[in-house]
1. Which condition breaks for Arg46 when tested against (1) out of contact with any Gly (no Cβ under 8 Å at 6 or more places or on another chain); (2) in a helix (DSSP H, G or I); (3) touching a residue at least 40 places away in the same chain (Cβ under 8 Å)?
2. Counting only residues that are surrounded by 15 or more Cβ atoms within 10 Å (Cβ to Cβ), of a type in the set (Gly, Ala, Ser) and farther than 30 Å from Glu82 by Cα, how many does the range 8-61 have?
3. Are any of the residues in the range 62-78 over 19 Å from Val17 (Cβ atoms), outside any loop (DSSP other than H, G, I, E, B), open to solvent by 50 Å² or more (accessible area, probe 1.4 Å) and out of contact with any Pro (no Cβ under 8 Å at 6 or more places or on another chain)?
4. Of the residues that sit in the range 118-141 and are among the aliphatic types (A, V, I, L, M) and free of Cβ contacts under 8 Å to residues at least 12 places away in the same chain, which one is farthest from Leu14 (Cα to Cα)?
5. Does the range 164-171 contain any residue that is in contact (Cβ under 8 Å) with a residue 60 or more places away in the chain and in contact with a helix residue (DSSP H, G or I) (Cβ under 7 Å, 6 or more places away or on another chain)?
6. I'm trying to understand the selection: among the residues of the range 109-145, which are among the basic types (Lys, Arg) and under 18 Å from Asn20 (Cβ atoms)?
7. Which residues, counting only those in the range 79-100, are assigned to a helix (DSSP H, G or I) and β-branched (Val, Ile, Thr)?
Amino acid sequence: MSQFTDLFRILTALALVIVNGFFVAAEFALVKIRISRIEQMVSQGRLFAKTAKWLAQRLEHSLSACQLGITMASLALGDIGEQAVAHLISPLLEKLGVVSEAVLHAVAFTISFTVVTDFHLVIGEQAPKVFAIRNPEPMLLACALPLKIFYLLTYPLMFILSGTTDAILRLLGADEKSKSSIPYTEEEIRALLREAHVH
C-alpha cells in the first residue's frame, strides 16, 4: 500500500509539472504572437485558430487564467512533490546511518526541495517558455482549447482577481486599458521593415 501511495504521489507530481508547463507555454505563446498572425491562421482554416483568436481578444483575462493555473499547479506541486521525494529518500538515509528523526527530516526535506525545485524550473518553466517563444503559433494552437475550457470554468474567480488587479493599478495611476491594440507608429513600421529585410 505504501509503494502504491509513493507511486501515486510521484505520478501526481509529474502531472503537476506538465500542467504547470502547459500554462507557462500558453502564456508566452499568447504574449509572443500578434493578433494579425492569428487572423491569418483563421483565414487559412487552421485547427483551433478561432479558439486562439477568442483567447487573444480577451488577452488580459486569458493571461490571468494562465497565471491562475500556474499558481495552482505550483502550490500543489510544492506540497505533493516534496512529500513524495522525501518519503523515497528517508529509507536511504536510514540505511546510511542517519538515525536522528530531526536530522532525517531536515536532510530529506532539503534534498526533496532541491530536486522538486530543479525539476519544476527546467521542465515546468524554462523549457516550455523557451519553446513557446520560439514556436508561438503551434504552441498557441495546441493550448487553445484546454485553456479556453479552463478560462470558462474559472471565470468567476478570474473576474474577482481581475477586479482586484484593476483596483490596484488604478491606485498606482496605471488605469488605462492595455495598449496592445494601438497601431504601430511610422517609425515602428520602418523598424519592422528593416528587420524583415535583414532576415
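1. Of (1) out of contact with any Gly (no Cβ under 8 Å at 6 or more places or on another chain); (2) in a helix (DSSP H, G or I); (3) touching a residue at least 40 places away in the same chain (Cβ under 8 Å), only one is false for Arg46: (2).
2. Matching residues across the range 8-61 total 3.
3. No, the range 62-78 contains no residue that is over 19 Å from Val17 (Cβ atoms), outside any loop (DSSP other than H, G, I, E, B), open to solvent by 50 Å² or more (accessible area, probe 1.4 Å) and out of contact with any Pro (no Cβ under 8 Å at 6 or more places or on another chain).
4. Step one: of the range 118-141, the residues among the aliphatic types (A, V, I, L, M) are 121-123, 127, 130, 132-133, 139-141.
Those still in the list that are free of Cβ contacts under 8 Å to residues at least 12 places away in the same chain too: 121-122, 130.
Working: Leu121: 13, Val122: 13, Val130: 20 Å.
That would be Val130.
5. Of the range 164-171, the ones in contact (Cβ under 8 Å) with a residue 60 or more places away in the chain are 165.
Pick out the ones that are also in contact with a helix residue (DSSP H, G or I) (Cβ under 7 Å, 6 or more places away or on another chain) and you get none.
Checked the range 164-171: no residue is in contact (Cβ under 8 Å) with a residue 60 or more places away in the chain and in contact with a helix residue (DSSP H, G or I) (Cβ under 7 Å, 6 or more places away or on another chain).
6. Of the residues in the range 109-145, the ones among the basic types (Lys, Arg) are 129, 134.
Within the range 109-145, just Lys129 meets the criteria.
7. So the first thing to find is which residues in the range 79-100 are assigned to a helix (DSSP H, G or I), and the list is 79-95.
Across the range 79-100, the qualifying residues are Ile80, Val85, Ile89.
Results for (1) at pLDDT below 85; (2) open to solvent by 90 Å² or more (accessible area, probe 1.4 Å); (3) not in a helix (DSSP H, G or I), shown as yes or no for each residue.
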residue: Ile123; (1), (2), (3): no, no, no
residue: Pro138; (1), (2), (3): no, no, no
residue: Leu152; (1), (2), (3): no, yes, no
residue: Ser162; (1), (2), (3): yes, no, no
residue: Ala167; (1), (2), (3): no, no, no
residue: Pro183; (1), (2), (3): yes, yes, yes
residue: Glu187; (1), (2), (3): yes, yes, no
residue: Leu193; (1), (2), (3): yes, yes, no
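The values are calculated or read from the model by the stated rules, or taken from the named source; none is laboratory data. All values derive from a computational prediction rather than experimental measurement. Glycine gets a Cβ as well: all are built from the backbone with ideal geometry, and neighbour counts include every protein chain shown. Ligands, DNA and RNA are stripped out before the accessible areas are found, and what is left, the full protein with its side chains, is counted by its heavy atoms. Shrake-Rupley method; radii C 1.70, N 1.55, O 1.52, S 1.80 Å.
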